[in-house]
Amino acid sequence: MIYILPILGVLISFLFVFIAKPQKNESFKLLLAFSGAFLLALTIFEMLPEVYSTIDSKSIGVFIMLGILFQIFLEFFSKGAEHGHVHISKESQNFPWLLFISLCIHSLLEGLPIGTNDTIIYGILIHKIPIAIILSIFLLGSNLKPVQAGLFMVLFAIMTPLGTYLAHTIDLLSTYGVYLNALVIGVFLHISTVILFESSEGHKFNLRKLLVIILGITIAYFL
């Protein structure tokens, strides 16, 4: 299931957009806020204690910070697609290679900790669904052919299971798994906090978003 769920989450989201042709609205913002809170909570409740219980060292903190910096670097190319923003011209007929490569690297990293922490698969899945929907809306609304958009999403979908498979089969990745997990924690911390900050537009109080965020944290706690 750890290999199948991320693929199904992305492909079903793409098919949903292809058939239903939804538009971004307040519901998507609430879904994003829930996914950000859920991912952040799982990272804090599950992944952080795990890496620090393995190695009680400042080096873990260094790798967490490197993960944050690396995700910021990736977003220069993805334009923030990992947290629900795609700022690339829809008129372009060229395949968005920079967006594709940066998202694939991000998804590959997401798969690395799944082998040592099965619970995080739910956080990744809940994170991927709204991102896949927003990305599908953008790709299908651009000048790209539907086949190209579909190929983009299929390749994007398989990168997370590929990361999990590599973490299981390559000894070097297993040996330094705790440091790679710390790197991924930094990636998750950056993405989830950006989603939560952006969900409170103009720092205005929004009861529905607050309740959705509390719900995401609560569910993550009891998993």
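The values are calculated or read from the model by the stated rules, or taken from the named source; none is laboratory data. Values in this document were obtained by computation on a predicted structure and should not be read as measured data. Neighbour counts are summed over all protein chains in view; Cβ atoms, including those assigned to glycine, are modelled from backbone coordinates with ideal geometry. Just the protein is used for accessible areas: all its heavy atoms, side chains included, with ligands, DNA and RNA removed. Shrake-Rupley method; radii C 1.70, N 1.55, O 1.52, S 1.80 Å.
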Problem - Value of relative contact order over the chain, rounded to a whole percent, pairs C-alpha under 8 Å and six or more apart - result: 43 percent
Completion exercise
Relative contact order in percent for the range 56-170 (Cα pairs under 8 Å, 6+ apart) equals 34 percent
Completion exercise
With every protein chain kept in place and a 1.4 Å probe, the chain has an accessible area per residue in Å² of 49 Å²
Handout entry: Pairs from Lys21/Lys79; Lys29/Lys58; Lys24/Lys145; Lys79/Lys209 whose Cα-Cα separation, in the structure shown, is over 32 Å
Key = Lys29/Lys58
Completion exercise
Helix 26-42 sits off the longest principal axis of the Cα atoms of the chain, rounded to the nearest 10 on a 0 to 90 degree scale, by 10 degrees
Problem - Relative packing of 160-169, 27-36, 14-23, which averages over residues the other C-beta atoms within 10 Å, highest first - result: 27-36, 160-169, 14-23
Exercise for the section: Given the options Asn117, Asn181, Asn206, state which has the largest fluctuation in a GNM of the chain using a 10 Å cut-off (strictly under) for Cα springs. Expected result: Asn206
Practice task
Count charges around Gly84 for me, please; just the other residues with Cβ under 10 Å from its Cβ, Lys/Arg as +1, Asp/Glu as -1.
Solution key: 0
Completion exercise
Between Phe73 and Arg208, the two model label points (7 Å from Cα along the beta-carbon direction) sit apart by a distance in nm of 4.0 nm
Problem - FRET efficiency, Leu8 to Ile219 (Cβ-Cβ, R0 25 Å, nearest 0.05) - result: 0.80
Exercise for the section: Using only the Cα atoms, work out Rg/Rh for the range 110-154, with Rh taken as the Kirkwood radius, to two decimals. Expected result: 1.14
Handout entry: the range 5-84 - percent of accessible surface contributed by carbon and sulfur, probe 1.4 Å
Key = 75 percent
